Amino acid sequence: MGLKSKDLVGLHHVTAQEIELILDTAAPMKEIIKRNIKKVPTLRGRTVVTVFYEASTRTRTSFELAAKYLSADTVGIAVATSSVNKGESLKDTALNIAAMGADVVVLRHPMAGAAELLARTLDVSVINAGDGAHEHPSQALLDLFTVREKKGRLAGLKVAIIGDILHSRVARSDIWGYTKMGAEVYLAGPATLIPPGIEKMGARVCGSLEEALEGADVINILRIQLERQQQGLFPSLREYSRIFGLNSDRLKLAAPDALVMHPGPMNRGVEISPDVAYGQQSVINEQVTNGVAVRMALLYLLIGGGA
Amino acid sequence: MNLLIKGGIVVDPVSGTVSEKDILVADGKIAGSGVGLHHPDAQVLDVPGKLVTPGLVDMHVHLREPGLEAKETIYTGTRAAARGGFTAVACMPNTRPVADSAAVIISIVNRAAADGAVRVYPVGAITNGSLGQEMAEMGDMKQSGAVAFSDDGMPVMDSGLMRRSMQYAKMLNAVIISHCEDKKLAGGGLMHEGDVSTMLGLKGIPAAAEEVMVARDILLAEDTGCRLHIAHVSTAGSVRLVREAKSRGVRVTAEAAPHHFTLTDQAVIGYDTSTKVNPPLRTAEDVAEIRRGLADGTIDVIATDHAPHTAEEKDVEYELAPFGMVGLETAVGLVWTELVAAGVLTLAQAIAKMTINPAKILGLPLGSLGAGAAADITIIDPAAAWTVDPAQFASKGRNTPFTGRVLHGLPYATIVSGRLVMREGIVL
């Protein structure tokens with residue numbers, strides 16, 4: 001059994017069985033990362049191109065390391081140094097990259113639907129590394145992997161996602177992923193940052209942070225961007241922090257062994273207090289390690305089979 | 001040149017009657033109608049089983065000329081109209097330059113006379129450059145041929161200016177066509193705001209962005225006595241506002257576009273940029289209310305908002321694609337399939353909304369098959385089932401979300417001033 005699609009555009013159209021397969025495949029990949037010699041020949045001769053229309057340190061490095069650990073060649077294209085600034089369309093840029101022989105294109109793009117456009121255009125595999133406010137499936141998969149590893153299960157867990165849901169592709173992919181795996185997702189954030197109809201995706205919207213945290217097994221804190229305050233979506237970061245910031249007092253509302261997660265980069269002292277971010281229950285650093293393992297699994301499942 | 005149209009089912013939207021009879025055309029006018037007509041030297045068009053209606057009028061199209069000829073020209077746009085069964089179109093002023101002066105209106109009228117396959121009636125801008133800052137020379141434009149005024153796509157946000165424009169337009173006995181959208185509420189949105197926009201991560205345009213403006217303009221029309229026509233109504237709330245205003249006697253009329261009574265925001269799933277349109281595709285509830293509004297007369301007109309764009313412009317990220325879809329060559333099929341065959345409208349009602357009603361609103365002597373009227377006639381084959389194939393379009397624009405859809409009802413012939421301009425899909 002493998003993945004049905006040549007691409008990973010989002011978790012919306014991925015089945016629970018496929019998610020299970022990806023997580024199962026990621027476990028041995030994590031073993032490779034822990035070795036002294038972090039290299040297996042699985043994807044030797046294959047090429048992974050990362051195309052990033054948005055700045056990102058973590059996700060891009062994670063994909064590139066994942067490819068390198070599997071012996072694939074990697075090339076990174078960043079917006080500042082590419083022909084994107086010469087007015088070339090996304091479609092033409094991608095066709096050029098594919099014509100050069102890429103096996104996988106990893107795309108980060110500020111606009112929703114960009115990965116789907118690329119997947120439709122190209123014959124090679126496309127992995128969505130975040131498209132606007134749509135999806136960021138590899139982030140959600142690493143979240144699921146982390147929780148499953150710590151808790152031994154996903155079904156029946158209460159997961160709280162806190163913050164700017166409106167602009168968050170991580171939240172959307174997390175909602176699809178957690179609910180498909182049988183967990184319950186509770187959302188909390190300023191009313192102006194809760195998008196209408198999000199309940200239809202299977203999540204529940206809470207009236208307060210406290211309500212979402214009550215008895216939670218997993219707490220996903222989202223990054224709040226200063227830009228949103230400048231857009232008039234909430235009064236101030238100070239007030240945001242007072243109403244929606246996770247601190248050690250509020251953490252006590254959750255289950256005693258609740259996991260604290262954050263997709264990064266963090267605004268410490270705003271959406272999460274430093275003592276919680278670095279506390280006993282935080283798995284934020286492990287999320288990063290697991291991100292590499294999950295991305296290795298994805299590359300292997302998408303292009304490793306027939307090689 | 002005389003023309004005898006024999007054996008068709010004549011739909012008269014003025015009297016609301018549908019009957020089998022012949023129509024004789026002479027010297028570009030309707031010479032008479034009746035059963036078993038004969039004429040010694042008339043070209044005979046035998047159309048048994050086909051519908052013969054007054055020439056269809058589309059009061060909302062974008063012909064893109066002058067300035068945006070890569071998208072469409074008066075030549076191609078009027079041929080698309082002819083293929084779609086339209087004998088007259090009113091074209092919106094968002095050209096380059098904007099049709100905000102008599103000079104541009106005259107250039108459109110002249111180009112249409114030289115190049116046009118069907119009648120073209122320009123709509124002038126309300127404000128200079130449609131920038132919403134100062135009134136354009138509406139009087140001068142009206143004398144030069146402008147049939148209405150609109151800042152379509154660039155709604156007049158300044159309520160004071162809109163009120164003064166209506167006062168002025170009333171003096172000219174002109175109708176103001178309002179594209180109702182509060183730009184601040186729309187907030188740069190890309191599609192209807194709701195569960196689908198949330199799922200897709202696309203910025204939403206709330207229904208209130210339209211309804212606030214519909215309400216404002218109805219109040220201003222009531223205040224000034226100006227005739228107001230609401231363009232492309234897309235929400236249930238807008239339909240209710242217009243219905244309520246009409247019941248109070250406000251001089252307001254409204255139109256709906258085929259895509260707004262056919263598609264919902266579900267069509268956007270997959271990010272097909274041909275679904276990106278302003279106002280956006282709404283919900284099933286909105287579609288149902290628009291159909292109710294069409295049936296009860298709240299919505300007077302069916303107009304396409306034909307908005308051609310190039311493939312290059314549309315073959316991009318959803319956010320970057322321009323708003324708009326073509327509509328001239330699919331309108332009759334959608335009206336027939338979605339409204340007439342579906343039992344939403346009677347045949348006479350549907351034809352009235354595409355002929356006499358828009359003609360009345362624009363003050364045009366069109367929409368009738370009475371003796372002496374201009375012989376603008378559309379013949380429709382109601383039995384034809386056909387598949388939408390943009391490659392067949394006469395329009396330069398291929399941006400339609402209906403590609404591959406099977407429709408019933410196809411324009412068979414288009415006659416302007418007694419001259420056959422389209423027959424069986426071929427523009428003559």
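Out of all the residues in segment B:241-296, which are more than 27 Å from B:Glu313 (Cβ to Cβ), within 14 Å of another protein chain (Cβ to nearest Cβ) and of a type in the set (D, E, K, R)? Once the filter is applied, which keeps residues that are more than 27 Å from B:Glu313 (Cβ to Cβ), within 14 Å of another protein chain (Cβ to nearest Cβ) and of a type in the set (D, E, K, R), segment B:241-296 yields only B:Glu285.
For segment B:300-391, the helices (runs of 4 or more DSSP H) that sit wholly inside it and include 3 or more residues that are open to solvent by 30 Å² or more (accessible area, probe 1.4 Å) and within 14 Å of chain A (Cβ to nearest Cβ) are B:311-314.
On the stretch given as segment B:14-53, residues that are surrounded by fewer than 16 Cβ atoms within 10 Å (Cβ to Cβ), in contact with a helix residue (DSSP H, G or I) (Cβ under 9 Å, 6 or more places away or on another chain) and either more than 26 Å from B:Val332 (Cα to Cα) or not β-branched (Val, Ile, Thr) (or both) total 2. Selection of segment A:12-56 for residues being among the polar types (S, T, N, Q) and either without any contact (Cβ under 8 Å) to a residue 12 or more places away in the chain or in a strand (DSSP E or B) (or both) yields A:Asn36, A:Thr47, A:Thr50. Checking each residue in segment A:57-74 for being free of Cβ contacts under 8 Å to residues at least 60 places away in the same chain and part of a helix (DSSP H, G or I) picks out A:Thr61, A:Glu64, A:Lys68.
Residue under question is B:Lys246, and the condition is that it be basic (Lys, Arg), at pLDDT 95 or above and more than 30 Å from A:Leu187 (Cβ to Cβ); does it hold? Outline the logic, then answer.
Details: basic (Lys, Arg): yes; at pLDDT 95 or above: yes; more than 30 Å from A:Leu187 (Cβ to Cβ): yes.
Judged against the criteria, B:Lys246 is a match.
Restricting the first member to segment A:195-212 and to residues that are away from every other protein chain (no Cβ under 14 Å), and the second to residues that are assigned to a helix (DSSP H, G or I), the beta-carbon pairs closer than 6 Å and six or more apart or on different chains are A:Cys206/A:Ala212; A:Leu209/A:Phe244.
Just to be sure before I move on: is B:Lys246 without any contact (Cβ under 8 Å) to a residue 40 or more places away in the chain and surrounded by fewer than 24 Cβ atoms within 10 Å (Cβ to Cβ) in the structure I sent? Talk me through it step by step, then tell me what you get.
Working: without any contact (Cβ under 8 Å) to a residue 40 or more places away in the chain: no; surrounded by fewer than 24 Cβ atoms within 10 Å (Cβ to Cβ): yes.
Considered against the rule, which asks whether it is without any contact (Cβ under 8 Å) to a residue 40 or more places away in the chain and surrounded by fewer than 24 Cβ atoms within 10 Å (Cβ to Cβ), B:Lys246 comes out as no.
Selection of first residues in segment A:117-128 that are closer than 15 Å to B:Glu317 by Cβ and open to solvent by 10 Å² or more (accessible area, probe 1.4 Å) and of second residues that are among the aliphatic types (A, V, I, L, M) and modelled with pLDDT of 95 or more, restricted to Cβ pairs under 7 Å at least 6 apart or on distinct chains, gives the following pairs, ordered by first then second residue: A:Ala119/A:Val9; A:Ala119/A:Val126. If the condition is being part of a helix (DSSP H, G or I), more than 20 Å from the chain's Cα centre (by Cα) and surrounded by 24 or more Cβ atoms within 10 Å (Cβ to Cβ), then segment B:222-240 contributes no residue at all.
Just one of (1) in contact (Cβ under 8 Å) with a residue 60 or more places away in the chain; (2) touching a strand residue (DSSP E or B) at 6+ places or on another chain (Cβ under 9 Å); (3) in a loop (DSSP other than H, G, I, E, B) fails for B:Lys396. It is (2).
The single condition from (1) in contact with an Asp or Glu (Cβ under 6 Å, 6 or more places away or on another chain); (2) in contact (Cβ under 8 Å) with a residue 24 or more places away in the chain; (3) within 12 Å of chain A (Cβ to nearest Cβ) that B:His179 fails is (3).
What are the residues in segment A:271-307 that are among the β-branched types (Val, Ile, Thr), open to solvent by less than 40 Å² (accessible area, probe 1.4 Å) and in contact (Cβ under 8 Å) with a residue 60 or more places away in the chain, if any? Explain how you work it out, then say what you get.
In the first step, residues of segment A:271-307 are kept if they are among the β-branched types (Val, Ile, Thr); the result is A:272, A:276, A:283-284, A:288-289, A:292, A:294, A:303.
Filter once more, keeping what is open to solvent by less than 40 Å² (accessible area, probe 1.4 Å): A:272, A:276, A:283-284, A:292, A:294, A:303.
Selection gives A:Val283, A:Val292, A:Val294, A:Ile303.
Of all residues in segment B:195-215 being assigned to a helix (DSSP H, G or I) and open to solvent by 20 Å² or more (accessible area, probe 1.4 Å), which is nearest to B:Val147 (Cα to Cα)? Step by step, filter segment B:195-215, then rank; the result is B:Ala215. Taken over segment B:263-313, the criterion of being polar (S, T, N, Q) and under 30 Å from A:Ala115 (Cα atoms) is satisfied by B:Thr264, B:Gln266, B:Thr273, B:Ser274, B:Thr275, B:Asn278, B:Thr283, B:Thr310.
Applying a threshold of 9 Å to beta carbon distances and a minimum spacing of six or more residues, or different chains, the list of pairs starting in segment B:279-291 at a residue that is without any contact (Cβ under 8 Å) to a residue 40 or more places away in the chain and ending at one that is among the hydrophobic types (A, V, I, L, M, F, W, C) and open to solvent by 10 Å² or more (accessible area, probe 1.4 Å) reads B:Val287/B:Leu263.
The values are calculated or read from the model by the stated rules, or taken from the named source; none is laboratory data. Since we're looking at a predicted model, the values are computed, not measured. Cβ coordinates were reconstructed from backbone atoms using ideal geometry, including for glycine residues, and neighbour counts include every protein chain displayed. Just the protein is used for accessible areas: all its heavy atoms, side chains included, with ligands, DNA and RNA removed. Shrake-Rupley method; radii C 1.70, N 1.55, O 1.52, S 1.80 Å.
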